[in-house]
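Here the structure is laid out as C-alpha cells; the discussion comes afterwards.
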Amino acid sequence: MDEEGRPLRVAVIGAGMAGILSAIKLIEAGLTDFTVYEKGDRVGGTWRENTYPGLSCDVPSHLYSYSFALSPDWSRRFAPGEEIEAYFERVAAEHGVVERTRFGDAVVRAELIDGRWHLTTASGHQDEADIVIAATGVLHHPRYPDIPGLDAFDGALFHSARWDHSVPLEGARVGVIGTGSTAVQITSAIVDRVARLSLFQRTAQWVMPQENPAYTVEERAAFREDPGKLAELHQTLADMFDVFANAVVDTEAPELRMIEQACLDNLEQNVRDPVLRERLRPTYRAACKRLIISPDFYDAIQRPNAELVTAGIERVESRGVCTKDGRRHDLDVLVLATGFHADAFMRPMEIVGRGGTTLEQTWDPRPEAYLSISIPDFPNLFMLNGPNGPVGNFSLIEVAELQLGYILQLVERVRRGECRELCASAEALAEFERAREEAARHTVWVTGCQSWYLDDRGLPAVWPWPFRQFRERMAAPDLAAYELT
Ligand code: NAP
C-alpha cells in the first residue's frame, strides 16, 4: 500500500525474458496491480526478434532457463532459437503473464510527477505507476555499418536481427558481414544451402569448440520423472559458468589459459589450409572479445563454396561488395551481422526524473547505474540487465533473477511505508563507478581488442568482478547507498 492506502501500482516495460520474470515474481510477491508493456505482438524479446538461420543460445539450455521453471524437454544442449522462444511463450502463458501484457504499444515517455511515474505509450495510452521496472533488454537496436553504397545494392539486404524469410537462399550467392556470434551461427547454418557464401571478416575470432548433442528420449524421461536431476544439472552448469566468469576478470587465471588453449587447439587441429589458418588466427587473447562458441564454424568456412574475405570492405555496389584489393564479390543477398547499439538500454524512451532531469542528460556521455539497477534522481525506477552489469558468455536469466530479488526487497520498503521513493545516491553511484573502472582495468576485455563491451573510453561496460561478488551484492540491498524520501 502507498501512503493513501492504495496498493502499489507497477509498470513493467518489456515482455522479454526479464519482463516475464518480473511479472511472475510480482504476482508471487502479491504485487498484483501491474501492467507489462510490450511493443511487439508476442512475448520473447530477443528470441522473438531474432529468427536468423542457425539461431541458438550458446549458453546450455538447462542453464538458460528460469530456476523456477526448469524444463525436462530441451532437445539439445544448445537448443535452437525457436524452442527457446516457445519456452518463454509457454512459461508466460502458464503464469498468467500474457493476459497482463499490453501488446503492440511501446512506452515512449515516463515522467516523475509528484512521486509517481506518468507513462505515455505510442498509441497515446496513459498510465501512472509507483514503481517502474525497465526490462528493456541489452542488444536490441541493430547497428547498421557505415559502409558507402549500402543503399545502392540491388539484391536483398537486411540486418541479422531483421531476417527476411521471403528471400530464398537456395542457389543464392550470399555475403555475410561480421564474424561475431551471430555471423558464425548463420555461416554454419546456411553454407550447405547456398550456392556461394562470402564471409567478410574484419577481425578474426577465437572459437571455442562445444558439441551440441541431442538429449535422448530416455534422458528427457529421466528429467521428467526426477526433477532433482534437472536441478542438479542446472547447478552443475551454473558452477561451470562461474569458473568462466571468474577467469575473464583475472588475466592470470589458469582457467583463462585453459580456454585459450582449447581455442588454439581448435584452430590448429581443425583448419587444414595453413594460409586460411593464419587468416583465421586472432592477434589478441581469447575471451577479450565475446568468445565464439561453435562446434562447426571451421568446417563451414572450409566448404568448397565458402570464402573467407579478409581484404576489407571498400564499398557496396549494385551487384555486390567491393574490397580493398580491387575485387568485386557479386552477391544476391547481403546479411549485415554487424551487431547492436549496446549502450541504448531504455532509450529511445524519454525518461524525465526529479527536477525535470532527463535520462538523456544523465547518461551523457555514457550510461551508468548503481549496481546496474538504480539511477540517482530516477527514484522507484529499476533496471534489469542494465548498464555495466554481468553480460557476456553468461546466463542473463540468472543475472535478472538475482537483480529482481534485490529490486523486490527495495520495493518492499515502499510497500511497508518506510519511504515513498528511493534511488541510489549520487555518492554511491560515483563510488561504485570508481571501483568498477579500477577493477575493469584488470580484465581480459582490455587486453588489446575492440568489442561491444568497451565504452567510449575503451573501458569495459561490464561487471568486472567474480560472479560470486555479484551474488553477494544482490543478496540484500545496502540501504546506506540509497536516498529514501
Ligand atoms: P557483434 O559481436 O557486435 O559482431 C559484429 C560483427 O560485425 C563483428 O565481427 C564486427 O567486426 C563486424 N562489423 C561491424 N561493423 C562492421 C563494418 N563496418 N565492416 C566490417 N565488419 C563490421 O554482433 P553479434 O554477432 O550480433 O553479437 C552480439 C552479441 O549478441 C554477442 O556478443 C552475444 O553477446 C550476443 N549473441 C549471443 C548469441 C548466443 O548464442 N548466446 C548469439 C548471437 C549473439 P569487428 O570484430 O572488427 O568489430
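Annotations
- GluC sites (Glu not before Pro) within the stretch 206-280, DSSP loop, no more than 14 other Cβ atoms inside 10 Å: Glu211, Glu252
- Expected 222 nm ellipticity per residue - DSSP helices of 4 or more, -39500 (n - 2.57), all of the chain, to 500: -9500 deg cm²/dmol
- Computed label-point distance, nm, for sites Thr120 and Glu278 using a 7 Å Cα→Cβ extension: 6.1 nm
- Cα→Cβ-extended label distance, 7 Å offset, between Ala69 and Ser318, nm: 5.1 nm
- Ratio Rg/Rh [Cα only; Rh per Kirkwood] for the chain: 0.97
- Taking the convex hull of the alpha carbon positions in the stretch 55-161 and averaging its projected area over all directions gives 11.1 nm².
- Measuring nothing but how far apart in sequence close Cα pairs (under 8 Å, 6+ apart) lie, relative to its length, the stretch 308-426 scores a relative contact order of 16 percent.
- For the chain, the longest principal axis of the C-alpha atoms and the axis of helix 396-415 are separated by about 10°.
- Taking every C-alpha pair closer than 8 Å and separated by at least 6 residues, the mean separation divided by the residue count of the stretch 357-485 gives a relative contact order of 30 percent.
- Placing a pseudo-label 7 Å from each Cα along the Cα-to-Cβ vector at Gln269 and His442 gives an inter-label distance of 3.4 nm.
- Stokes-Einstein translational diffusion, the stretch 435-485 - Kirkwood Rh over all Cα pairs, 0.890 mPa s, 25 °C, in µm²/s: 193 µm²/s
- Isolated Cys in the chain, by beta carbon distance under 4.7 Å: Cys57, Cys263, Cys322, Cys419, Cys423
- Acute angle (nearest 10 degrees) that the helix 227-248 long axis makes with the longest principal axis of the chain, alpha-carbon atoms: 70 degrees
- Separation between Cα centres of the stretch 442-483 and the stretch 7-50, rounded to whole Å: 25 Å
- Dividing the Cα radius of gyration of the stretch 119-244 by 2.2 N^0.38 Å, with N the residue count, gives 1.57.
- Residue (of Leu63, Ser75, Thr358) at the positive-pole extreme of the chain, dipole from beta-carbon charges: Ser75
- In loop segments of the stretch 364-468 as defined by DSSP, the trypsin sites (Lys or Arg not before Pro) with at most 14 further C-beta atoms inside 10 Å of their C-beta are Arg416, Arg441, Arg457.
- Across the stretch 202-356, C-alpha contacts under 8 Å between residues 6 or more apart give a mean separation that, scaled by the residue count, equals a relative contact order of 26 percent.
- Available extension along the chain between Thr32 and Ala195 is 53.3 nm, counting 0.36 nm per residue and deducting the alpha carbon span.
Computed from the coordinates by the stated procedures, all read-outs in this text should not be read as laboratory data. All of these numbers come straight from a predicted model, not from anything done at the bench. Backbone-built Cβ (ideal geometry, glycine too); neighbour counts: all protein chains shown.
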